[in-house]
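J.: My questions all concern the structure below.
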Amino acid sequence: MKRSKSGKTGAGGGIRLSLGYKVVWGIAALGTSLISGIYGATLPIFYQDYLGLAARWIGLASAIYAVWNAINDPLFGYITDNTRTRLGRRIPYMRYTAPFLALTFVLVWFAPPQAGQSAIFWWMLVTMLLYDTAYTIIGLTYSSLLPEVTESDSERNGLQISSSLFGLLGTMLGFLIPDFFRPKAGTSPSLFPLQMAMIVVAVVAALLIIATTLKVKERLEFTQVDKPIKLGQAIKFTFTSKSFLVLVAQNFMSILMQSLIMGAIFYISDYVLPEMNTMVLLACLFIPLIIGVPLTTVIRQRLGVVQTQQLLLFIAAIGFFGIVILPSSFIPVCIAIAGFGLSGPQTLTNVLFAQVADEDELRSGVRREGAFFGVNALITKPAQSVALALSPFILELTDFVTREQNNGQIYLNQPPSAIFGIKVIAGLVPGIAMVIGAVLLFFFPLRGEYLKKVQKEVLKLHAQKYKQLTAQHK
């Protein structure tokens, strides 16, 4: 029985997807991660070190940014869940927001350098809010599509592997591109080359996102058979799901870790290991991560999704703690160990969210991925703001000397306290976050026989919905 243009129903249940479909699926992740990688890695050093914005201003911007995140993510999640168009619930938002994402991303990097602390603060705040709104809409709809496409954990894992591999490529380029064009020791302090590079990145990323929406089609049984539910019901179903609450708490720790390590890589390269090229450190992080992403399938087949996630989180924690405990010369090895462990959060988190959505559909009767990913962002995106605010405060407390304090030039003779502060940001805090996340997953209910029961019942429910859809079109 043919179910969609993207694949067919397999003997074991769930939609089976072609390799070509999975490749096209991942292209959007290349676009979004290229932009988010640059944003996460470069924003802290751009505004604090290059423009000299004080930590208190960055902290205030981060706090306001977190409040806006608390509003827009669940709002857009609920809106997309209840949207009904000819193209579906998700695709129109993803396709037509891509140009606005490109524009708002570019604006972030055009703050007037000599305008003073207040003006730079307002530029940072406004452009961050605009950028985050566009990024939220696209990221939310893209994530929400994954559980809808197929019911199979194996196929979902395959889609996420494609998304993760393309996403990692985008994230690596997100480090490398600004590193080629950003001001460094012995070069011109001009920001113009970096700004021009950001324009090119924005255009390419938007085109990649749009390309995916031209291939991916939504399943009509979820857009024509499912009926929207009221806001009060949606909130009740979401916040009474133990599976969701446990998973979102674990994901908060993962987002905090990712935001800290992304922002700390340049600091490690510039100040802790100045003799080592940034690209070497990036290779130490991303090569083990790329190796680990497809290996999640092998480990998942033996341990299950939840236990695999826990194992990889503990491995990442070991690597992060090593950054603080071991001599600086061991940092590349520690980053490599952490990188392999990060393949879990990178690949398996959305598979776990898909399981949560399946369980919820049996309770509510409708697919509500948007609500779950929206509330997930409500709770976890503040982790980005925490990381953004935490880093400069730790650096100030440890007497870090910025370029702005050194007449625009990099200050390599940092005090030992500042070097330790960078290690705390890159190692200690992320390591603690990984341990907490792994422990939280011991309370995740979707495992063993209960998970098998949920998956079986979801397949039956989807067969009923497809039958209703067929009847409507006769």
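The values are calculated or read from the model by the stated rules, or taken from the named source; none is laboratory data. Everything numeric here is computed off the predicted structure, so don't read it as measured data. Don't worry about glycine lacking a Cβ; one is built from the backbone with ideal geometry, like all the others, and counts go over all protein chains shown. When the accessible area is computed, the model is the full protein with side chains, heavy atoms only, and any ligands, DNA or RNA have been set aside. Shrake-Rupley method; radii C 1.70, N 1.55, O 1.52, S 1.80 Å.
J.: Applying the selection to region 436-457, what residues are surrounded by 14 or more Cβ atoms within 10 Å (Cβ to Cβ) and among the acidic types (D, E)?
T.: Step one: list which residues in region 436-457 are surrounded by 14 or more Cβ atoms within 10 Å (Cβ to Cβ), which gives 436-441, 444-447, 451, 454-455, 457.
Of everything in region 436-457, just one residue is surrounded by 14 or more Cβ atoms within 10 Å (Cβ to Cβ) and among the acidic types (D, E), namely E457.
J.: Something else: Can you tell me which residues in region 458-474 are open to solvent by less than 70 Å² (accessible area, probe 1.4 Å) and not hydroxyl-bearing (S, T, Y)? Outline the logic, then answer.
T.: Applying the first criterion (open to solvent by less than 70 Å² (accessible area, probe 1.4 Å)) to region 458-474 yields 458-459, 461-463, 465-466, 469-471.
V458, L459, L461, H462, A463, K465, L469, A471 - these are the residues of region 458-474 that are open to solvent by less than 70 Å² (accessible area, probe 1.4 Å) and not hydroxyl-bearing (S, T, Y).
J.: Within region 96-115, which residues are of a type in the set (F, W, Y) and either surrounded by fewer than 16 Cβ atoms within 10 Å (Cβ to Cβ) or not in a helix (DSSP H, G or I) (or both)? It would help to see each step written out before you state the result.
T.: Narrowing region 96-115 to residues of a type in the set (F, W, Y): 96, 100, 105, 109-110.
Scanning region 96-115 gives Y96, W109, F110.
J.: Using the structure shown, decide if R3 is at pLDDT below 90, under 25 Å from A371 (Cβ atoms), open to solvent by 40 Å² or more (accessible area, probe 1.4 Å) and not in a helix (DSSP H, G or I). Step through it out loud before you land on a result.
T.: Working: at pLDDT below 90: yes; under 25 Å from A371 (Cβ atoms): yes; open to solvent by 40 Å² or more (accessible area, probe 1.4 Å): no; not in a helix (DSSP H, G or I): yes.
Against the criterion (at pLDDT below 90, under 25 Å from A371 (Cβ atoms), open to solvent by 40 Å² or more (accessible area, probe 1.4 Å) and not in a helix (DSSP H, G or I)), R3 does not qualify.
So that you can scan it fast, the table gives a plain yes or no per residue for (1) small (G, A, S); (2) open to solvent by 20 Å² or more (accessible area, probe 1.4 Å); (3) farther than 28 Å from T223 by Cα; (4) out of contact with any helix residue (DSSP H, G or I) (no Cβ under 6 Å at 6 or more places or on another chain):
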site	(1), (2), (3), (4)
L348	no, no, no, no
L352	no, no, no, no
A357	yes, no, no, no
G365	yes, yes, no, yes
I379	no, yes, no, no
P392	no, no, yes, no
L395	no, no, yes, no
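J.: Another question, if that's okay. Are there any pairs, at least 6 apart or on different chains, whose C-beta atoms fall under 9 Å, with the first in region 263-288 and touching a residue at least 40 places away in the same chain (Cβ under 8 Å) and within 18 Å of A316 (Cα to Cα) and the second aromatic (F, W, Y) and open to solvent by 30 Å² or more (accessible area, probe 1.4 Å), and if so, which?
T.: P288/F340
J.: Contact list please: Cβ distance under 6 Å, first residue in region 49-74 and in contact (Cβ under 8 Å) with a residue 24 or more places away in the chain and under 16 Å from A119 (Cα atoms), second residue hydrophobic (A, V, I, L, M, F, W, C) and open to solvent by 30 Å² or more (accessible area, probe 1.4 Å), pairs at least six apart or on different chains.
T.: The qualifying pairs are A55/F393.
J.: Checking A61 against (1) open to solvent by 20 Å² or more (accessible area, probe 1.4 Å); (2) over 19 Å from the mean Cα position of the chain (by Cα); (3) under 20 Å from L390 (Cβ atoms), which single condition isn't satisfied?
T.: (1)
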